[in-house]
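Report on the following structure.
Please treat every number below as a calculation from the coordinates, not as lab data. Keep in mind that this is a model prediction, so the values were computed, not measured. Cβ placement follows ideal geometry from the backbone for every residue including glycine, while neighbour counts extend to all protein chains displayed.
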Amino acid sequence: MMRTFTEPSKEIPVHSFDVVVAGGGTAGVIAAVAAARTGARVALIEAKGYVGGTMLEGGTTLHSFFTLGRYFGRESKQIVKGIAQELIDRLVAVGGSTGHLIDDVGIDYDEHCTLIDVEKVKLVEAEMLLEAGVEIWFNTLVAGADVENGHIRGVIAQSRVEGRVYFEAQSFIDATGWGDLSAYAGASCTVPKEYSVANSVGVGGVDIERYAKYIEENGGLTGVTYGPRDGKDGQIVRIGASFWKVLSTLMAAHRKAKGEPAGISEEELAKNRIPLDVQKQMAALALTLGITTMHDDYFMYLKCNYVMKDGVTDQAAMTKAEIELRRRQAESIELLRKNIPGCEKAFIARTSPTLCTRRGRTVECEYDITNADILAGRHFEDDIAFFGFHDLAPKMHVGGDGSYGIPLRAILVKGIDNLFAVGMMISSEYEAYMSTRNTVSCMAQGQAAGTLAALAAKSGKPLRGVPYESLKSRLVEGGAYLG
Ligand SMILES: Cc1cc2nc3c(=O)[nH]c(=O)nc-3n(C[C@H](O)[C@H](O)[C@H](O)COP(=O)(O)OP(=O)(O)OC[C@H]3O[C@@H](n4cnc5c(N)ncnc54)[C@H](O)[C@@H]3O)c2cc1C
C-alpha cells in the first residue's frame with residue numbers, strides 16, 4: 001500500500017478577482033481578453049512562461065477552420081470571427097501570420113489555411129491580454145480547488161515565485177486543455193484511452209522547394225499553398241503530403257541504408273501499399289510529412305505520435321512518453337537527413353517544453369454535443385459559437401449550410417454553478433470531439449465563456465441567471481459571428 005504524508009496546513013495569500021481563467025492556451029487567452037473587455041477583473045493562470053498553448057505546439061496552421069470550405073458544395077463563408085479574427089489581423093500586421101489563404105491544388109475539404117508564426121503569437125497574445133487589463137500569472141500551476149456545495153470558492157495554485165497562492169473569484173474558466181481545474185473541483189470527468197500524444201518538432205536548415213519536389217516526385221503531394229515567406233509573396237508556405245505514399249518509399253530507403261531488408265517489395269512500393277508489420281513500424285514513428293512554414297529554411301511540424309494506451313493521467317507513463325517522443329524525434333530527423341533531398345542539413349530547431357495531448361480529460365457539461373448534432377448542422381436556441389470543420393472529413397462532414405452551433409450548455413460544467421469548461425475538453429463522443437477540439441472552435445468557445453463570466457460578475461447574477469439575449473448581443477458587439 002502507498003504510504004502517505006499529511007501536508008501541514010498553512011496560511012497562504014488570497015488574491016481576489018471577478019473571473020479566474022485557468023490555462024492561457026488556445027481558448028484561455030481569448031476567454032481572458034473577452035472577460036476583461038466586458039469589464040471584469042481577470043486573472044489568467046498559466047503553467048508555462050508564455051501563452052498560446054497547443055495552438056502553438058501542435059499543428060500551427062489553423063486550416064479550414066475560420067471559413068466553410070467549398071468542397072461539399074457550400075458557400076465559402078467565414079463563420080468564426082471576433083477576438084480570434086482580431087488576433088490574426090494583429091499577427092498579419094507584424095508579419096506573424098499569412099492571413100487566410102487558399103490551397104492551390106483544386107478544391108479540397110481542407111483548402112483554407114491560416115498560418116501563424118508561433119513565436120510572434122506568444123508576444124502578440126500577451127500584449128492583447130495586458131491591453132485588456134488581465135493580470136497574468138506565468139509559471140503558476142493550478143493545483144487544487146476549494147469547493148462548497150457545487151460552488152467553487154477559490155482555486156489553489158503553485159507559483160514558482162510565491163509558492164502556494166489562493167485565487168478567489170465569482171466564476172472560473174477551466175481552459176487547461178487537460179481538465180485540471182474541473183477534476184480538482186470534483187466535476188465528472190473521463191479520461192479517454194488510446195490517444196496519441198506528440199511533441200512537434202520545428203525543423204531548421206531545410207530547402208523547402210527541394211523538399212516539395214521530392215514529395216511531388218514520389219506521388220505524395222496532396223496540396224500546395226502559396227503565400228508570404230520571409231517577406232516575399234508567392235512562396236510555398238504549406239505542403240500537403242500523403243503519409244503512406246511518401247513514407248513507404250522513405251522507410252524502404254532507410255532500412256536499405258542500414259543494411260536491413262527493405263521489408264517491402266518493389267511491386268508493393270509501386271502500389272504504394274506496404275505490409276502490416278512495416279506499417280506498424282512506421283506508425284510507431286508516426287511521422288507526418290505535411291508541413292507549413294513562414295520562413296525560407298525552416299518548417300513545422302515534424303510529428304512523431306505516441307499512443308498512451310491508458311490515457312494521459314498516469315505519472316510513470318507520462319515520463320516514459322516524454323522520453324520516448326524525444327527518441328523518435330532524433331530518429332526521425334536522421335531519417336530526413338539521410339533520405340529526403342532538401343533535408344541534408346536538417347536539425348531540430350525547436351521542441352515543446354512538454355508533450356502535447358490531443359485529448360486529456362473530457363469534462364461532463366450540461367449538454368454533450370453529439371456527432372449526430374454536428375452532421376445534421378444543428379443549431380440551438382442558446383448557440384454561443386458557430387463551427388463547421390470536421391477532422392474526419394471527407395468521410396464525415398457538417399450538413400445544412402455547413403455550420404453547426406455550440407450551445408452555451410456545452411461549456412457549463414455539470415454540478416458546479418460557477419465553472420466553464422472550454423477548448424478540447426468538451427464533447428465526450430470521439431467523432432464529435434474530432435470537430436469541436438479544433439483550435440478555432442476553442443477560441444470561439446473562449447470568447448463566449450469570458451463574456452458570460454464578466455456579465456455575471458457585473459450584474460451579480462449566477463452564470464445560469466444571465467439572460468441568453470444579453471450574452472448574444474454582447475458577443476455580437478464583440479465581433480463574434482452568430483449567424
Ligand atoms: C500534435 C497536435 C496537432 C494538432 N493539430 C491541429 C491542427 O492542425 N489544427 C487544429 O485546429 N487543431 C490541431 N490540434 C488540436 C488543437 O491544437 C487543440 O485541441 C487546441 O489547441 C486545444 O486548446 P485548449 O485551449 O483546449 O488547450 P491548450 O491550447 O493546450 O491550452 C491549455 C493551457 O493550459 C495550460 N495549463 C494546463 N494545465 C494547467 C494547470 N494545471 N495550471 C495552469 N495552466 C495549465 C497549458 O500550459 C496551456 O497553455 C492538434 C493537437 C495536437 C496535440
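So here's what we get for this one:
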quantity: Total formal charge among the other residues, if their Cβ is under 13 angstrom from that of E364, Lys/Arg +1 and Asp/Glu -1; calculated: -1
quantity: The stretch 26-110: relative contact order as a whole-number percent, Cα under 8 Å and 6+ apart; calculated: 24
quantity: Among Q235, M2, G220 - extreme Cα towards positive end, dipole of the chain, charges at beta-carbon; calculated: M2
quantity: Per-residue Cβ neighbour rank within 10 angstrom, fewest leading, S403, S171; calculated: S403, S171
quantity: Span-like helix ranges in the chain, DSSP H, alpha carbon extent 15 angstrom or more, Kyte mean at least -1.0; calculated: 26-37, 82-93, 118-132, 243-257, 315-339, 439-459
quantity: Normalised contact order of the chain, rounded percent, pairs of Cα under 8 Å and 6 or more residues apart; calculated: 22
quantity: Stretch in the chain that is longest and holds no GluC sites (Glu not before Pro) that DSSP places in a loop and that have at most 15 other beta carbons within 10 Å; calculated: 195-343
quantity: Gain on full stretching of the segment that runs from S196 to T354 - 0.36 nm per residue minus C-alpha separation; calculated: 55.5 nm
quantity: Residues R3, R74, R464, R37 arranged by fewest to most Cβ contacts within 10 Å; calculated: R3, R464, R74, R37
quantity: Centre separation in Å (Cα based) which lies between the stretch 436-483 and the stretch 169-198; calculated: 20
quantity: Above-threshold pairs, the threshold being 22 Å between Cα atoms, out of K414/K461; K48/K458; K48/K122; calculated: K48/K458
quantity: For the stretch 33-57 and the stretch 292-351, distance of Cα centres in Å; calculated: 27
quantity: Neighbourhood charge, 11 Å Cβ-Cβ cut-off, centred on V201 and excluding it, Lys, Arg +1 and Asp, Glu -1; calculated: +3
quantity: E7 paired with V476, simple spin-label distance in nm, labels 7 Å along Cα-to-beta-carbon; calculated: 4.7
quantity: Per-residue ³J(HN,Hα) for the stretch 98-114, Karplus 6.51 cos²θ - 1.76 cosθ + 1.60, θ = phi - 60°, Hz, x for Gly and Pro; calculated: 7, x, 7, 10, 10, 4, 8, 10, x, 7, 10, 5, 10, 7, 8, 8, 10
quantity: Net charge of neighbours whose Cβ lies under 9 Å from the Cβ of G240, counting Lys and Arg as +1 and Asp and Glu as -1; calculated: -2
quantity: For the stretch 81-210: rounded, prolate or oblate by the Cα gyration tensor [a/c cutoff 1.5]; calculated: prolate
quantity: Taking S352, S196, S441 and counting other C-beta atoms within 10 Å, the order from fewest to most; calculated: S196, S352, S441
quantity: Length gained when the stretch D233-E331 is fully extended (0.36 nm per residue, less Cα-Cα span); calculated: 31.9 nm
quantity: Near-label residues of the stretch 367-397 by backbone N, under 18 Å of a point 7 Å along Cα→Cβ of F72; calculated: 369-380, 385-397
quantity: Relative contact order, percent, the stretch 63-123 [alpha-carbon distance under 8 Å, six or more residues apart]; calculated: 38
quantity: Where labels lie 7 Å past Cα in the beta-carbon direction, separation of F380 and K213 in nm; calculated: 5.3
